[in-house]
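Reading through the structure tokens given below for one structure.
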Amino acid sequence: MKIHEFQAKELLSDYNVPIQRGHIVYSSNEIEKTIEKVQNEFNSDAVVVKAQIHAGGRGKGGGVKFCPSTESAIESANEILGMNLITHQTGEEGKLVNQILITEALDIEKEFYFALMFDRAKNADVFIVSTEGGVDIEEVAEKTPEKIVKAWVNNDTYLLDDAINTIINALSLNSFNDAFEIFTNIYNCYSNSDCNLLEINPLVITEDQKIIALDAKVDIDSNALFRQEKIAKFHDTSEEDPLELKASEYGLNYIKLDGNVGCMVNGAGLAMATMDIVKHHGGEPANFLDVGGAANVDTIKNGFKIILSDPNVKSVLINIFGGIVRCDRVANGVIQAVKELNLNVGVVVRLQGTNAKLAKQILDESDIELISAETIDEAAKKAVGLVS
Ligand code: GDP
Ligand code: MN
């Protein structure tokens, strides 16, 4: 689960990591008094206005503005709050800015890249840093990969010393007495908050020689939210794809994609294989949907509803292997769903496994038009054929 910059900074602050401080604004009538509050609190006219959306690259997209005066701050805040912000991470449709962060303006001497994540290959947490911060780290990785330094936490002892000393050297922070403690605190924040990723880009050195997190991007392991009471409340549903949100309410694993062949499958592995075969036959899957091992009539119906809510869908491929879920149940679910929903796309059904024969009989005897298939290959061909 992604969280906003201001929320990530709050977590860091809980661990005594120095952050660029500020206040959040949700509606335009709070703009002027919040700017004044920030100016007074940090004793300067200059403030920074920052769009809060779940995507990076806001600065380049016009969502982060350094404002030297009250006037420019009011103007930028009004412009950014409520804008549709397009960055290289939002996709071309952009994201609506529902809240802005008004922060102190810092005088920056250096900008570093900093990230912490889990390296599955090494089975260890890894610090990733670069002296080339602030800009796109992807670009640094491509053009000057030698400027990216990685340091792994010892996965026997969990001692941080070696890793932190490596990054302190890499960033030439040896003269900063608090550097070790700050990196330790960031690590504790990352670890105790169940982060998949904790990225600070940029981590800055200010002109008055302080290390400060200027930005923060955090992705939390959703499976750990049950024990992260505070973070769970940071969930911002307005940032999610409405269909994916609906699917999660139904307990379905659904990811929307750009193609036009809707796929309803049980089991993540089979779902991926089905998408591959659709592509193999020249089609483009419209989604990933795993209805789960214990799918019932309602799950199938809800899955169908979600697939069909996507206007791009031109055919549906149902590929179910009946193990725990019996094929006759799936067949009944499909029939109910088709009857309830106004279906105007072709549906190809392939059911194999427990009670497959009974399922075929149920489908044959129903008065709804479905195209049946025996093998996954045949099913994919037919579903792709319907759209081309
Ligand atoms: P991003 O574009 O979404 O990554 O947003 P950031 O929070 O990283 O801000 C983008 C850039 O704005 C930073 O890399 C800085 O160069 C600049 N910026 C943000 N806050 C300040 C500030 O307080 N002082 C100065 N001088 N620049 C800032
Ligand atoms: Mn940034």
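Packing, taken as the mean count of other beta carbons within 10 Å per residue, orders the peptides 48-57, 94-103 from highest to lowest as 48-57, 94-103. The alpha carbons of region 28-177 give a radius of gyration and a Dmax of 18.9, 55 Å, in that order. Rolling a 1.4 Å probe over the heavy atoms of the protein chains gives region 242-387 an accessible area of 46 Å² per residue. Summing charges over all other residues whose Cβ lies under 15 Å from the Cβ of A163, with Lys and Arg as +1 and Asp and Glu as -1, gives -4. With a Förster radius of 30 Å applied to the beta-carbon distance between N84 and S309, the computed FRET efficiency rounds to 0.85. Summarised as an ellipsoid, the chain has semi-axes of 49, 25, 18 Å, derived from the eigenvalues of the Cα gyration tensor scaled by 5 and square-rooted, with the largest first.
With both labels modelled 7 Å from their Cα along Cα-to-Cβ, the Y26 to T131 distance reads 4.5 nm.
Compute the relative contact order of region 242-387 as a whole-number percentage, counting only Cα pairs closer than 8 Å that sit 6 or more residues apart in sequence. After rounding, I find 25 percent. For the chain, the relative contact order works out to 12 percent when only alpha carbon pairs closer than 8 Å and six or more residues apart are counted. Charge dipole (Cα centre; +1 on Lys/Arg Cβ, -1 on Asp/Glu Cβ; no other charges) of the chain amounts to roughly 1380 debye. Report the net charge of residues surrounding L85, where surrounding means a beta-carbon distance below 9 angstrom and charges are Lys +1, Arg +1, Asp -1, Glu -1. Every neighbour counted, the sum reads +2.
Of the GluC sites (Glu not before Pro) found in region 69-162, the ones in coil according to DSSP and having at most 14 other Cβ atoms within 10 Å of their Cβ are E92, E93. When a/c is below 1.5 the answer is rounded, else prolate if a/b is larger than b/c, else oblate, so apply that to region 142-198 with a ≥ b ≥ c taken from the square roots of the Cα gyration tensor eigenvalues. Since a/c reaches 1.5 but b/c is at least a/b, the shape of region 142-198 is classed as oblate. Other residues within the sphere of radius under 12 Å centred on the Cβ of D298, judged by their own Cβ, net out at +2 (K and R +1, D and E -1). Can you bin region 242-387 into rounded, prolate or oblate? Criterion: square roots of the alpha carbon gyration tensor eigenvalues sorted a ≥ b ≥ c, rounded for a/c under 1.5, prolate for a/b above b/c, oblate for the rest. Since a/c stays below 1.5, the shape of region 242-387 is classed as rounded. Site pair A224 and N98 shows an inter-label distance of 2.5 nm when each label is modelled 7 Å from Cα along Cα→Cβ.
Suppose each label sits 7 Å from its Cα in the direction of the beta carbon; what would the K33-N342 distance come out to in nanometres? Placing both labels 7 Å along Cα→Cβ, they lie 4.9 nm apart. Radius of gyration over Kirkwood radius for region 98-191, both on Cα atoms: the Rg/Rh ratio is 1.00. Computed about its Cα centre, the charge dipole of region 242-387 is approximately 80 debye, with only Lys, Arg, Asp and Glu carrying charge at their Cβ. Here the accessible area is traced with a 1.4 Å probe on the protein chains. For the chain, carbon and sulfur cover 47 percent of it.
The values are calculated or read from the model by the stated rules, or taken from the named source; none is laboratory data. Keep in mind that what you see is a predicted model, and the values were worked out from it rather than measured. Counting neighbours? That spans all protein chains shown, and the Cβs are built from the backbone with ideal geometry, glycine included. For accessibility, only protein heavy atoms count, side chains too; no ligands or nucleic acids. Shrake-Rupley method; radii C 1.70, N 1.55, O 1.52, S 1.80 Å.
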